[in-house]
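Right, one structure below, let's go through it.
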Amino acid sequence: MTLLRLFLLVVCVATARSEADAEADAFHTGFPSSGRVRFPGGGRSISGGPPRRNDNSHCALLIPGRGKSSARDHALGVFNGIQFPHAGDGFTCVTFQSVDAAFIAARDRLGLPRPGKNPGKEDLSNLGAVLIETTRNLAKQYNLPKDVLINGVPLIDTSKTIIGSICHDFLLPRKCEPKRYREYDGSCNNFENPRWGAKNTAFKRRLPPDFADGIDAPRVGHGGYPLPSPRLVSAHVHRDEGLHDHAVTIMTIAWGQAIDHDLTLTAETKDANKKDPDCCKDNPKHPECLPIHIPDKDPFYSLFGQKCISVVRSMYSVRDGCRLGPRSQTNELAAFIDANWVYGSITKHAEELRLHRGGLMKSLPVFREYGMKDLLPLKLTDPSEGCIRPNNDVYCFDAGDGRVNEQLVLAVVHTLMMREHNRIASDLYKYNPHWGDLKLYEEARHILAAITQHITYNEFLPMVLGKEVMSKYGIILEKQGYFNGYDPTINPSVSSNFATAAFRFGHSLLPSTIERWSPSHKYIGSQRLSEMLRQPYDLYKGGWCDQFIMGLVNQVAQAMDDSVTQEVTNHLFQDPNKRWGMDLAAINMQRAREHGVPSYNAFREFCGLPRAYRFEDLLGSMSNKTVRRYSEVYRHPDDIDLWSGGVSERPQAGSMIGPTFSCLIGLTFKELRFGDRFWYENRGFPSSFTIEQLEEIRKVKLSRIICDNSDDIKDVQVYAMVLPDHDINPRVPCNSGILPRMDLSKWRDLHSSNPRVRPVF
């Protein structure tokens with residue numbers, strides 16, 4: 001820690017400012033009809049009380065060091081009878097006047113449109129951009145170093161500035177009441193901090209952000225040198241070498257992606273037509289464009305004359321309290337495992353997915369006349385969003401998360417969970433025929449969220465992290481009774497390193513092809529992964545959903561290493577009429593750089609590993625080949641991108657991943673358990689299950705869901721994310737007691753008068 005950080009001072013100003021506060025309040029006249037925020041120019045007038053030497057109550061921030069307070073501040077201080085610290089005092093005084101003036105200048109340059117009744121991500125991005133410009137103005141005025149911008153400026157109490165009177169309009173306060181069911185947007189999970197983990201809040205940070213200018217310029221290399229193109233790193237380090245895992249099935253990848261889509265969705269910048277800017281072709285380019293340069297001698301893209309991969313920066317976000325400081329990004333989803341990838345994070349969308357009868361969700365009965373289960377409903381609104389459609393008569397699927405069509409195997413998991421909801425709702429009706437549609441729907445949703453949590457911690461994380469890491473972070477589930485670890489002081493919001501790097505480890509596991517197997521576990525055929533991205537249309541073929549499910553539980557994943565299939569490094573989202581696509585590995589690295597995510601080396605140190613000062617220091621943590629390749633593309637170990645270094649680490653014993661990603665993922669899932677008031681094992685809340693109901697939820701395995709929601713699958717291995725093995729993971733009949741089904745009679749309402757009434761379909 002630097003001397004500057006040790007002595008950084010923030011001065012409380014609750015006293016001696018009542019008259020100044022009153023004047024500032026008078027400045028705020030609301031949003032005029034023009035739709036722009038207007039304040040009288042000139043900032044805040046300072047008055048109140050007799051002048052005192054070094055009246056620090058008018059300093060928003062005091063910074064040790066030779067004074068850099070502007071001459072303008074001193075002149076205004078003299079005019080108002082106030083003497084600010086000066087060079088001889090050894091401090092810089094960042095005044096509240098200057099904060100106000102910096103905000104007004106930023107607002108006047110960028111504009112600040114009036115927010116709607118329920119401010120959304122666009123409204124917050126507009127405010128976020130103005131706050132970043134305010135920070136930039138202050139940095140110029142006071143010549144603030146990066147250390148102060150990162151660690152000091154965010155400590156300014158903006159509630160005592162003009163910003164505080166504006167912030168309320170964008171971050172509306174929420175009154176919370178205890179309820180049995182979650183809010184779709186994740187708000188009010190924590191009564192004291194209703195926005196923790198809520199939709200459209202900023203990703204938090206484990207480490208201070210690493211921006212080149214301390215504000216928002218993407219990360220640069222050690223010593224200020226430019227980092228190598230992410231495409232160069234991808235092509236040189238993350239080559240397709242085709243090694244396979246020994247135990248993990250493709251179902252692990254599919255479930256991991258579903259959970260990722262339950263937790264994170266970074267708000268994307270759009271152009272004036274709400275489309276993705278083409279940062280390689282548009283002229284002029286969108287101001288938020290950050291394309292990836294493709295080297296001239298690229299082994300693949302040079303064959304097609306391609307020089308650029310289009311990437312646009314993520315939307316601005318607003319941190320709690322409208323704090324100033326470095327740029328942050330918005331998570332569009334609630335940061336809880338709440339199954340909203342099935343239901344949606346917006347009430348309007350969730351309502352559109354409901355059938356509004358019998359508690360059921362909408363489905364597509366395309367094969368019902370053949371005795372087969374329904375598919376997901378069609379995506380009729382914005383049908384081309386996230387889809388590659390061969391013509392206007394072909395539609396993708398609709399689900400709680402808009403990325404459902406990103407790859408076909410993800411659509412398969414969505415289909416299983418939609419069917420499971422409808423199965424649960426129908427069974428609940430048997431035991432509670434007096435329940436209305438909404439009650440049936442909400443209780444089925446409540447149960448499915450609990451099942452999603454249980455499978456994630458009982459089947460997915462043990463494979464990814466291993467028992468030792470899970471024990472270290474306190475995320476081994478209880479075998480009986482309730483969990484007593486809920487802690488309202490834990491902020492469960494997802495971190496930027498998790499969203500941009502750590503939980504993208506699964507990209508190393510992606511196969512080159514997706515296989516189809518018969519219900520009798522015989523291989524049928526395979527298709528290239530790139531041909532199935534944003535093209536889920538094979539599910540319209542009768543019986544193929546079962547074949548893909550069987551493929552998910554029988555096909556082995558790629559090894560967890562630095563190798564990534566060229567299906568996603570050369571052909572990601574490839575248009576049918578082209579021979580090249582995008583590079584997922586390069587995009588991962590570019591995204592983390594523009595989010596200001598520090599390097600792999602910084603997170604090694606955060607996780608208790610020794611920092612690498614030379615590339616040779618990484619020998620043992622990675623293969624010799626990988627270390628050599630790093631030395632050929634990076635100048636210094638500090639330059640290595642977090643995602644790249646994390647997937648290249650040797651896995652720990654009993655785990656799929658190395659120590660750095662184990663640390664970052666383990667810590668995240670600890671917070672998601674300990675910081676979630678609605679966690680399914682909790683006791684004492686309106687949302688809590690009875691102990692009998694909790695015991696039924698604990699019975700559920702993913703293999704049971706496959707059995708109940710497929711068409712013709714009669715047997716499956718006990719743990720669907722692990723390859724079948726006669727001794728340790730045998731295939732068992734679906735109707736055997738080894739795969740018990742939840743007894744939903746434990747949800748029988750005591751007021752029910754006729755438990756035998758048939759369900760409504």
Out of everything in region 336-347 that is in a loop (DSSP other than H, G, I, E, B) and at negative phi, what residue ends up being surrounded by the most Cβ atoms within 10 Å (Cβ to Cβ)?
ASP338
Expected single match for in contact with a Pro (Cβ under 9 Å, 6 or more places away or on another chain), modelled with pLDDT of 95 or more and of a type outside the set (Asp, Glu) among MET361, MET372 is MET361
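May I ask you to verify whether THR626 is out of contact with any strand residue (DSSP E or B) (no Cβ under 9 Å at 6 or more places or on another chain), farther than 28 Å from ASP338 by Cα and either in contact (Cβ under 8 Å) with a residue 60 or more places away in the chain or surrounded by 17 or more Cβ atoms within 10 Å (Cβ to Cβ) (or both)?
Details: out of contact with any strand residue (DSSP E or B) (no Cβ under 9 Å at 6 or more places or on another chain): yes; farther than 28 Å from ASP338 by Cα: yes; either in contact (Cβ under 8 Å) with a residue 60 or more places away in the chain or surrounded by 17 or more Cβ atoms within 10 Å (Cβ to Cβ) (or both): yes.
Spelling it out, THR626 is indeed out of contact with any strand residue (DSSP E or B) (no Cβ under 9 Å at 6 or more places or on another chain), farther than 28 Å from ASP338 by Cα and either in contact (Cβ under 8 Å) with a residue 60 or more places away in the chain or surrounded by 17 or more Cβ atoms within 10 Å (Cβ to Cβ) (or both).
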Restricting the search to region 674-711, which residues are under 30 Å from MET372 (Cα atoms) and acidic (Asp, Glu)?
GLU696, ASP708, ASP711
Do any helices (runs of 4 or more DSSP H) entirely within region 565-624 hold 2 or more residues that are more than 21 Å from the chain's Cα centre (by Cα), and if so, which?
566-569, 600-606
Check GLY321 against each of (1) at pLDDT below 95; (2) part of a loop (DSSP other than H, G, I, E, B) and name the one condition it does not meet.
(2)
Residues in region 283-318 that are outside any loop (DSSP other than H, G, I, E, B) and in contact with a strand residue (DSSP E or B) (Cβ under 9 Å, 6 or more places away or on another chain) total 9
Restricting region 387-421 to residues that are within 26 Å of the chain's Cα centre (by Cα), assigned to a loop (DSSP other than H, G, I, E, B) and of a type outside the set (Val, Ile, Thr), the one surrounded by the most Cβ atoms within 10 Å (Cβ to Cβ) turns out to be ALA399
Filter region 216-273 for residues that are within 19 Å of the chain's Cα centre (by Cα) and free of Cβ contacts under 8 Å to residues at least 24 places away in the same chain and give the result.
LYS270
Kindly indicate whether GLU332 is among the acidic types (Asp, Glu) and free of Cβ contacts under 8 Å to residues at least 12 places away in the same chain.
no
Residue, surrounded by the most Cβ atoms within 10 Å (Cβ to Cβ), within region 668-700, restricted to residues that are of a type in the set (Lys, Arg) and farther than 23 Å from TRP747 by Cα
ARG673
Please state which one of ALA198, ALA212 is free of Cβ contacts under 8 Å to residues at least 24 places away in the same chain and surrounded by 16 or more Cβ atoms within 10 Å (Cβ to Cβ).
ALA212
Looking only at residues in region 422-463 that are over 29 Å from the mean Cα position of the chain (by Cα) and among the hydroxyl-bearing types (Ser, Thr, Tyr), which one is surrounded by the most Cβ atoms within 10 Å (Cβ to Cβ)?
TYR429
Out of the residues in region 713-738 meeting the condition of being part of a loop (DSSP other than H, G, I, E, B), under 35 Å from the mean Cα position of the chain (by Cα) and over 24 Å from GLY543 (Cβ atoms), tell me which one is modelled with the lowest pLDDT.
ILE728
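With the condition kept exactly as written, say whether any residue in region 530-540 is on the phi < 0 side of the Ramachandran plot and touching a Lys or Arg at 6+ places or on another chain (Cβ under 8 Å).
For region 530-540, residues on the phi < 0 side of the Ramachandran plot and touching a Lys or Arg at 6+ places or on another chain (Cβ under 8 Å): absent.
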Looking at (1) of a type in the set (Gly, Ala, Ser); (2) farther than 30 Å from ASN491 by Cα; (3) not in a loop (DSSP other than H, G, I, E, B), which is the one condition that is false for ALA350?
(2)
Between LEU360, LEU333, LEU324, LEU364, which is among the aliphatic types (A, V, I, L, M) and surrounded by fewer than 19 Cβ atoms within 10 Å (Cβ to Cβ)?
LEU364
Taking the residues in region 223-252 that are farther than 30 Å from TYR719 by Cα and of a type in the set (D, E, K, R) as candidates, determine which candidate is surrounded by the fewest Cβ atoms within 10 Å (Cβ to Cβ).
ARG239
Given the conditions (1) within 21 Å of the chain's Cα centre (by Cα); (2) surrounded by 21 or more Cβ atoms within 10 Å (Cβ to Cβ), report the number of the one that PRO277 does not fulfil.
(1)
Being surrounded by fewer than 21 Cβ atoms within 10 Å (Cβ to Cβ), part of a helix (DSSP H, G or I) and not aromatic (Phe, Trp, Tyr) is true for just one of CYS176, CYS167. Which residue is that?
CYS167
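Out of curiosity, is THR489 of a type in the set (Val, Ile, Thr), surrounded by 23 or more Cβ atoms within 10 Å (Cβ to Cβ) and closer than 30 Å to ASN189 by Cβ?
In short, no.
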For region 238-255, which positions are of a type in the set (D, E, K, R) and either in a loop (DSSP other than H, G, I, E, B) or touching a Ser or Thr at 6+ places or on another chain (Cβ under 8 Å) (or both)?
ARG239, ASP240, GLU241
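The values are calculated or read from the model by the stated rules, or taken from the named source; none is laboratory data. Computed from a predicted model, the values in this text were never measured in an experiment. Glycine gets a Cβ as well: all are built from the backbone with ideal geometry, and neighbour counts include every protein chain shown.
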